[in-house]
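To start, the structure itself, in structure tokens.
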Amino acid sequence: MGEYVYEEKESFDGKKVKVLGPTYEEGKPDAKNDWEAKLGSPEDRLNYLKTALRYWYSKDWFGSEKRKQEA
């Protein structure tokens, strides 16, 4: 990949700061990443979906997901 690219930006208080630029490799993925293929049984799929949907719809929040005001 090579050396890192830095950009100079202005911070919230007006000072010039050096920030890291993009570090990803350009291009497209080689193959489709199918999340269902990673999960074996139907129960595994249901648990995955319940966990994912909890993030959006649950009133029980944990750790960094906790918000002071509801969205």
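The values are calculated or read from the model by the stated rules, or taken from the named source; none is laboratory data. Values in this document were obtained by computation on a predicted structure and should not be read as measured data. Because the Cβ atoms are built from the backbone with ideal geometry, glycine has one as well, and the counts that use them run over all protein chains shown.
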key: Residue match in segment 41-50 (condition: at pLDDT below 85 and either at positive phi or surrounded by fewer than 10 Cβ atoms within 10 Å (Cβ to Cβ) (or both))   = no
ask   = Among the residues of segment 13-28, which ones are of a type in the set (Lys, Arg), over 15 Å from residue 3 (Cβ atoms) and part of a strand (DSSP E or B)?
value = 16
message = Checking the structure you have, find out if any residue of segment 11-18 is surrounded by 10 or more Cβ atoms within 10 Å (Cβ to Cβ), over 22 Å from the mean Cα position of the chain (by Cα) and aliphatic (A, V, I, L, M).
response = yes
